[in-house]
Every structure is written in C-alpha cells, then in structure tokens.
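Enquirer: Dropping a structure here in structure tokens format, bear with me for questions.
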Amino acid sequence: MAQAKTTSKTFKLNTGAEIPAIGLGTWQSKPGEVEKAVEAALRAGYRHIDTAFAYGNEKEVGEGIRASGVPREEIFLTTKLDNPWHKRAPEALKRSLENLGVDYLDLYLMHWPSSTDPDDLKKHYPDWDFVDTWREMQKLMETGKIRSLGVSNFGIKNLERLLNDPSCKIVPAVNQIELHPGNPSPKLVAYCAQKGIHCSGYSPLGSSDSPLYKNETIASIAKAKNRSAQQVLLLWGVKKGWSVLPKSVNPERVKANFDLDGWDLSDEEIAKIDAIPDRFKVCGDAWLPIKVFFGDDE
C-alpha cells in the first residue's frame, strides 16, 4: 500500500473547509525575516500560514505570500483578533486584511480569552469578556471575508462557558493551543474532538531551545529513522490528529520541517512519545490581566 503523503494531508473542519496538516508559524519572527520565511515555506510546498495582529508582522507575511507566486486561493491563511481589540472586532478584521493585502481569511481566531482594556493592558474590561467577543465575531461571518472562525488558548473551562452560552450560535472550527509531548493536553484534545473542534498545535517543537531535542525517547526514535528530533515531533503531532505550526525563519529549517513524506511512526513509537512524563509550557498566562489556564487539559 502506498504511504499517504503527510505534506498534502488535510483535516476537515466543521465548516467543511480543509486545513493543511502542516503550517508555518510566525510568532516571534521579526519583520524582515518573516517575509523570506513565508516565501521559502510556500516555495517548499507549505500551503498553510499562521500569523496574528499581535505579532506585528502581518504586512511582511502578506509580502512573502505575494513574493512566492503561489495563488492566494491555494493558501490557507490564519490571523487572530488581538486582546485589546475585543470590542472592535470589525475594525480589527479590516486592519488585518489591509495589513496582509488580502480580501478574505481562511481562519480568524480569537487569540486569547482575555478582553484586555486597551487603555491599560494590565486590566480586563469590567463589562465585557470572551463570550461578548465571540458574539461580535460571529457577525463577521456575514461579511464573506472569513471562511472559518475559531479560538486560541481556550481550556475546557472557558470552552464550556462559551458553548453553553445562548449567544453562541457558531461552534469554533479550531482551537489553536500549545501542543507537544511536554504539554500534550489529552483531556482538552478529546473534549474538542467531541465538540467537533479541530485542534491546531502551536510550539509543536517545544520552542527554539526545546528540552524535547535532548529527550532520550525522541532522540532514539529520530536516530532509528535517520530523521531529526524536530521531524519526529511534527509527525507525532499530525499522527495524533492535529495540525502543527512549526516556526522558523531559517529557509533550510523551514524546508526540513516539511520533510515528512516517505517515512512513518509506528503505533508503538507514538505510544513511547505519549509516555514522556516531563511537563512544561512555552506560553503561560502570567502576562495577562486574567487567568486563562486552569490545569484542566490533562
């Protein structure tokens, strides 16, 4: 039996749209570097690019898309509503579309369940939260400028609150969360699957100087496959059922992260990675005016 190509694999969202299994993440990618990374990724075959208003690099992402020569309709493009813009979703969407130089998004996410006061980033609005934001984001679907709508950094507690609110008419298509063997979040992933919400994994390598690169289980599997630790971590995520968003601005590494065809991980190898006991998070919530992670993902 011919092996399925991981690089052309997609997951079907509850909107019917297909999200490519491998995307390029652009968090902490500096303007000037990110344009070249996006161009290199698209030329290497990536068809999924993830950015956010908060990253401050949407314009460069748009430039990289245009420089690649890949038609817009072949690309799955995601950006995110920034926390201090929760009361101004229509304006935020307009600004992101202008920055990117596109007339629609494949996916628009609420970046965090924190409606931060733009006049004081240490404060949360007293009269507004993510349920209100979602109510307003749903209206944006009527503009025809968004194909799918989703959330990011939502744990079970906040998803329950959102989904059970009478104003919630659209179930998020995606929950983009930190996912790697050090933060596998099995309860949260299972909860999302049960609700028809696709999980997309950011920091799938566990960040740039990841402890996972030195992990003996990962290293031994990588050696046996003649692959890098990064490639093993990415294929593990796709095999677990989520899309992965590795970030790099190095064109060679961008290409290497996409080299996932022609080899596989066995069920036994996946189980070994699943059993890695060490836990760590790349992105916490201490910088936000409210707590959004409640340890309910395991």
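The values are calculated or read from the model by the stated rules, or taken from the named source; none is laboratory data. From a predicted model like this one, the values you see are computed outputs, not experimental measurements. Neighbour counts run over all protein chains shown; Cβ positions are idealised from the backbone, glycine included. The area values use the complete protein model at the heavy-atom level, side chains included, leaving out ligands, DNA and RNA. Shrake-Rupley method; radii C 1.70, N 1.55, O 1.52, S 1.80 Å.
Enquirer: Efficiency by 1/(1 + (r/R0)^6): what FRET value for LYS195 and GLU298, r their Cβ-Cβ distance, R0 = 22 Å, to the nearest 0.05?
Expert: 0.80
Enquirer: Roughly how many Å² is the accessible area per residue of the chain, as a whole number, for a 1.4 Å probe?
Expert: The answer is 44 Å² per residue.
Enquirer: Among all the aspartates and glutamates, which ones have a C-alpha under 15 Å from LYS123's C-alpha, if same-chain residues fewer than 8 places away are not counted?
Expert: ASP82, ASP285
Enquirer: Taking a cut-off of 25 Å between Cα atoms, list the lysines near LYS225, but don't count ones fewer than 8 places away on the same chain.
Expert: Leaving aside lysines fewer than 8 places away in the same chain, those within reach of LYS225 are LYS5, LYS9, LYS214, LYS239, LYS240, LYS247, LYS255, LYS272.
Enquirer: List, in order, the whole-Hz ³J(HN,Hα) value for each residue of segment 220-228 obtained from phi through the Karplus relation with A = 6.51, B = -1.76, C = 1.60 and θ = phi - 60°; use x for Gly and Pro.
Expert: For segment 220-228, the Karplus curve yields 5, 5, 4, 5, 4, 8, 6, 10, 8 Hz.
Enquirer: Please report the antiparallel percentage of the DSSP beta bridges confined to the chain, to the nearest 5.
Expert: Here the share of antiparallel DSSP bridges comes out near 15 percent.
Enquirer: Pop out the ³J(HN,Hα) list for segment 17-29 in order, Karplus 6.51 cos²θ - 1.76 cosθ + 1.60 with θ = phi - 60°, rounded to Hz; leave Gly and Pro as x.
Expert: 5, 10, 9, x, 5, 10, x, 9, x, 10, 5, 6, 8
Enquirer: For segment 104-161, run through the trypsin sites (Lys or Arg not before Pro) and keep only the ones in DSSP coil with at most 13 other Cβ atoms within 10 Å of their Cβ.
Expert: LYS122, LYS123
Enquirer: Moving on. Could you work out how far helix 58-68 tilts from the main Cα principal axis of the chain, as a 0 to 90 degree angle to the nearest 10?
Expert: Between the helix axis and the principal axis of the chain, the angle is about 50 degrees.
Enquirer: Right, another one. Return the sequence-ordered ³J(HN,Hα) values of segment 84-96 in whole Hz as given by the Karplus equation 6.51 cos²θ - 1.76 cosθ + 1.60 applied to θ = phi - 60°, using x for Gly and Pro.
Expert: x, 9, 4, 8, 10, 4, x, 5, 5, 4, 4, 5, 5
Enquirer: Still on this structure, I have one more. Using the Cα centre as the reference, give the magnitude of the dipole from point charges on the C-beta atoms of the chain (Lys, Arg: +1; Asp, Glu: -1; all else neutral), rounded to the nearest 20 debye.
Expert: For this selection, approximately 320 debye.
Enquirer: Still on this structure: Show that you can apply the helix-only estimate: for the chain, add -39,500 (n - 2.57) for every DSSP H stretch of four or more residues, divide by all residues, and state [θ] at 222 nm to the nearest 500.
Expert: So the helix-based figure for the chain works out to -9500 deg cm²/dmol.
Enquirer: At 7 Å along Cα-to-Cβ for each site, give me the label-to-label distance between ASP103 and ASP274 in nm.
Expert: The answer from the label model is 4.7 nm.
Enquirer: For segment 128-262, with all protein chains present and a 1.4 Å probe, just round the carbon and sulfur fraction of the accessible area to a whole percent.
Expert: The computed percentage sits at 49.
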